[in-house]
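Report on the following structure.
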Amino acid sequence: MGKYSISQFVQQTKQDEQENDFFELETERVLEVNLNGEVWAKMGSMISYTGSIKFERERMLEHGVGKLFKKALTGEGTPLMRAKGNGRLYLADQGKKVTIFELNGESLCVNGNDLLAFENRINWDIKLMRKMAGILAGGLFNVTLQGHGLVAITTHFEPLTLLVKPGDKVYTDPNATVAWSGNLTPEFTTDITMRTLIGRGSNESIQMAFSGEGFVIIQPFEEVYLSSQQ
């Protein structure tokens, strides 16, 4: 249906008034956070809120000298903001699809650009990638999250999960790779030949190689990262 009366449109698209979980999908592209305390979210992802909520940008030493050093060394990192208070907070990122995970002691590595929000009780750390990968993959880095709590990530369109089995490597495009199980450590491989150097010089000559046992989440979209250029 493409034509609505005002009342029909409001009725069909209005927010859910019921009491929901801490993280709830208001739509498939909007995360609702029913806040009573605090949560970490990607800087600039707030699109609306109700109630009494204050926002604080991640301070320079917010998470210790170690993480600050890693960000300074690589020139990488997604700025975070802390939302504190009581109310409903709505988060989104460029119309990307939102997926919520509940960690029960597991660890999950997420491309920093695809991390939307996580509970304050989650332990996290920036994982340094090889220098070559940071340059050739356009500033790729990842954040490892571990513990018990909720994590929300984003993908362009529907994600696809690839199973990694022992003895059978899985190769992915770094710009299409969203997340992977924390027990996997990707390596970077190159396939630079005369053919890949002719024409547009596709970044597909660089791949992430996953081995072991776990999973990798990819998206049907090659995202261009600008953090290394800023």
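Observations, loosely collected:
- FRET efficiency, 1/(1 + (r/R0)^6) with R0 30 Å, evaluated for residue 14 and residue 127 via beta carbons: 0.15
- Rounded to the nearest Hz, the phi-derived 3J(HN,Hα) couplings of segment 89-95 under the Karplus curve 6.51 cos²θ - 1.76 cosθ + 1.60 (θ = phi - 60°) are 10, 10, 10, 7, 9, 6, x, where x marks glycine and proline.
- Inter-label distance for residue 22 and residue 215, nm, one decimal - labels placed 7 Å from Cα along Cα-to-Cβ: 2.1 nm
Quick note: the coordinates plus some simple rules give every number you see, no bench work behind them. Quantities reported herein were computed from a predicted structural model and do not represent experimental measurements. Neighbour counts run over all protein chains shown; Cβ positions are idealised from the backbone, glycine included.
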